[in-house]
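Some notes on the structure that comes next.
Derivation of every value follows stated rules applied to the coordinates shown; laboratory data play no part. Since we're looking at a predicted model, the values are computed, not measured. Cβ coordinates were reconstructed from backbone atoms using ideal geometry, including for glycine residues, and neighbour counts include every protein chain displayed.
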Amino acid sequence: MANVELGVPATKDTVYQLASVTKQFTATGIMMLAEDGKLSLDDRITQHLSDLPTAWNAVTVRHLLSHTSGIKNYTSTQAYDKSVHDDLTHREMLDLVAKEPLEFKPGEKFAYSNTGYFLLGMLIEKITGKKYGEFLAERIFDRIGMKHTRVNDLTAIIPNRAHGYSFHDGILLNGDYVNPTQTFAAGALVSTATDLAKWDAALYTGRLLRLSSLEQMWTPAPLSGGETAKYGFGWRVDKVNGHRLISHGGAVRGFSTQISRFVDEGLTVIVLINADNGKADALATGIAQRILPTLGEQTSAK
């Protein structure tokens, strides 16, 4: 159901909050700017953004894309939990973590950070002179016909918008919300299953990015100690029983999402749920196993 109280069923064109599935679009936007020669992945972010903490001086665009910057995740702060409904500026959001020391030297470890993708959205706006959503619409959404994808706006009338819910002790309740100014380029997009299918199809071509750029996004990020993270740029990168998996999940109050792409088999499973404890990742895995039974095969330990 898109809306339980009104008895409105969900359809392929129901609009859901994507939460962190947004990050793959942000990363694609950055790679477009790199292809355009507007930035380099090895640029320090302080080359483009001013008034940042001196502790961030060694952080590069590449570090932000791969969650290897060491910058604290703002959603893990107590201040964030107390202000999720507030309409905050970019500067006010950065102030949640600006005084925090780096959690590790840039490039040393992987640690998921919404702050990094918030900064990437700021980079897009600074370099292009356009709003984040305007840039993505021009370069991605309009180009491949994603007519129902946009930055969330709680005050806008968005046709077919799903209402978000939560389960507490087995009882379905209206869900809480997070102001989209706080999720921004880390999680503020809304979309439909149909639009995401168009997105998936475009990723098999060079229509949006050079294939070499896409492969770079889907390559595990190297760490300074010689290991690699199971993350590229805006996508998790892994293997399941020998099947290459490129995926990302999302969770925000009222919604749970997942896109899982088994690229060698041409199989993509997209799950959009308007409940924040809907376990979209587990549902996507179960659906994929029905189509590719070898994904669920148990392998004996040697």
Cα gyration tensor shape for the stretch 71-185, rounded if a/c is under 1.5, else prolate or oblate: oblate
FRET efficiency estimate (nearest 0.05) - Cβ-Cβ, TYR204 to GLU100, R0 41 angstrom: 0.55
Qualifying trypsin sites (Lys or Arg not before Pro) for the stretch 195-236 [loop in DSSP, other Cβ within 10 Å: at most 15]: ARG207, ARG210, LYS230
Amide N proximity, the stretch 195-232 versus GLU108 label position 7 Å along Cα-to-Cβ, cut-off under 19 Å: 221-230
Residue with peak Gaussian network fluctuation, the chain [Cα springs, cutoff 10 Å], from VAL240, VAL263, VAL15: VAL240
Rounded if a/c under 1.5, otherwise prolate or oblate - the stretch 77-136, Cα gyration tensor axes: oblate
Given LYS72/LYS109; LYS82/LYS279; LYS126/LYS147; LYS23/LYS131; LYS38/LYS126, the pairs whose alpha carbons are separated by over 18 Å: LYS82/LYS279; LYS126/LYS147
Cβ-defined net charge surrounding ALA288, 15 Å radius [Lys, Arg +1; Asp, Glu -1]: 0
Cut-off under 5 Å, modelled amide H: who pairs with LYS72 long-range: GLU103
Cα shape, the stretch 3-114, gyration tensor, a/c 1.5 rule: oblate
Additional length obtainable on full extension of the chain from THR54 to TYR177, 0.36 nm per residue less Cα span: 41.0 nm
Pairwise label distance in nanometres, HIS85 with ASP43, each label 7 Å out on the Cα-Cβ vector: 3.9 nm
For the stretch 106-209, size of Cβ-based charge dipole, Lys and Arg +1, Asp and Glu -1, in debye: 380 debye
Where chymotrypsin sites (Phe, Trp or Tyr not before Pro) fall in DSSP loop in the stretch 201-231, at most 13 other Cβ within 10 Å: TYR204
Candidate aspartates and glutamates for bridging to LYS105, where Cα separation is under 19 Å - those fewer than 8 sequence places away on the same chain excluded: ASP42, ASP43, GLU227
Dipole of the chain, positive direction: furthest Cα of THR89, TRP199, GLY133, with charges on the beta-carbon: TRP199
Relative contact order [Cα under 8 Å, 6+ residues apart], the stretch 16-292, whole percent: 24 percent
Computed lengthening from ILE157 to GLU134, 0.36 nm per intervening residue step minus Cα-Cα distance: 6.5 nm
Computed [θ] at 222 nm, helices only, for the chain once each DSSP H run of length n ≥ 4 contributes -39500 (n - 2.57): -8000 deg cm²/dmol
